[in-house]
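This report concerns only the one structure given below.
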Amino acid sequence: MKKKLLFALLCILVIGVGYTVFYVNQYSVKDNRASIHADLTTWESRGSEEEIEIKILKMTQINHTTSYVVLFETADKYVGYAHLLKGWNGQFKIVESGAGTNIVKYRDLKTNQGVYGILAGKNPDLQIDHITAKSEFTDEDFSFTSPIPEDATFLVYKKLPEDLKETFLTFTLYDENGKVIEPASE
């Protein structure tokens, strides 16, 4: 009986240590700008022969979730974003990232508190006053309008309804007079 109990405790201990090591390896990005920059540079440079240079512009926690969004700029002056999760060890892991030629990027972000619609990008000459995002490809009628901060780059987000089946939203850019700004890419 004692051997069975000892064996069960040993198994639980080995599994616990194994899970902890696995978790710590996953959430290994320290909670400081230098570490986030270094790990995100490595992440963005995967599969590339040369290192992709990035400059971190902003880091924002999405409401009271474990999700953070990092807004960055590449050496080519393209704006990108990265989704980071904060673990119980106080460190991050990079979930996804993207950069490209579009002035504004829209992305669904699944968090521990629901799905958020994220709009990130540039505001050339501070022309963009607000953005309207809406579901156009489904029968669902959902939209939101978000004012854009008067800054060269921006990151805004909105929690999406839980019953929204299609979370891909299209967006339209407007100036301060309500006139549509075209195009949405450089």
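The values are calculated or read from the model by the stated rules, or taken from the named source; none is laboratory data. From a predicted model like this one, the values you see are computed outputs, not experimental measurements. Backbone-built Cβ (ideal geometry, glycine too); neighbour counts: all protein chains shown. Note: accessible area is taken over every heavy atom of the protein model, side chains too, but ligands, DNA and RNA are not part of it. Shrake-Rupley method; radii C 1.70, N 1.55, O 1.52, S 1.80 Å.
Structural remarks
- Once each of the trypsin sites (Lys or Arg not before Pro) sitting in a DSSP loop with at most 11 other beta-carbon atoms within 10 Å is removed, the chain keeps 78-164 as its longest stretch.
- Dipole magnitude for the stretch 56-116: about 120 debye, using +1 per Lys or Arg Cβ and -1 per Asp or Glu Cβ, origin at the Cα centre.
- In a reduced charge model with +1 at each Lys and Arg Cβ and -1 at each Asp and Glu Cβ, the chain shows a dipole moment near 1540 debye about its Cα centre.
- Value at 222 nm in deg cm²/dmol, rounded to 500, when DSSP H runs of n ≥ 4 in the chain each add -39,500 (n - 2.57): -7000 deg cm²/dmol
- Heavy-atom surface of the chain, accessible at 1.4 Å and reported per residue (Å²): 62
- Structure note, pairs K3/K30; K4/K30; K105/K179: Cα-Cα distances above 31 angstrom occur for K3/K30; K4/K30.
- The candidate values were (i) 60.9, 192; (ii) 23.5, 89; (iii) 20.7, 80; the one computed from these coordinates for Rg and Dmax of the Cα atoms in Å carries the label (iii).
- For V95, distant residues with modelled amide H under 5 Å away: H83, L84, L85
- Here the Karplus relation 6.51 cos²θ - 1.76 cosθ + 1.60, evaluated at θ = phi - 60°, turns the backbone of the stretch 76-83 into coupling constants of 7, 6, 8, 8, x, 9, 9, 9 Hz, with x for every Gly and Pro.
- Crossing angle, helix 33-44 versus the chain [Cα axis fit, 0-90 degrees, rounded to tens]: 80
- Here the gap between L126 and S45, fully extended at 0.36 nm per residue and compared with their Cα-Cα distance, gives a gain of 26.1 nm.
- Surface composition of the chain: carbon and sulfur atoms hold 53% of the protein heavy-atom accessible area at a 1.4 Å probe.
- Distance-filtered residues of the stretch 104-145 - backbone nitrogen under 16 Å, label point 7 angstrom along E176 Cα→Cβ: 123-131
- In the context of the full protein assembly, F168 retains an accessible surface of approximately 110 Å², using a probe radius of 1.4 Å and ignoring ligands and nucleic acids.
- Paramagnetic reach from K159 in the stretch 95-114 [backbone N under 15 Å; point 7 Å along Cα→Cβ]: 109-114
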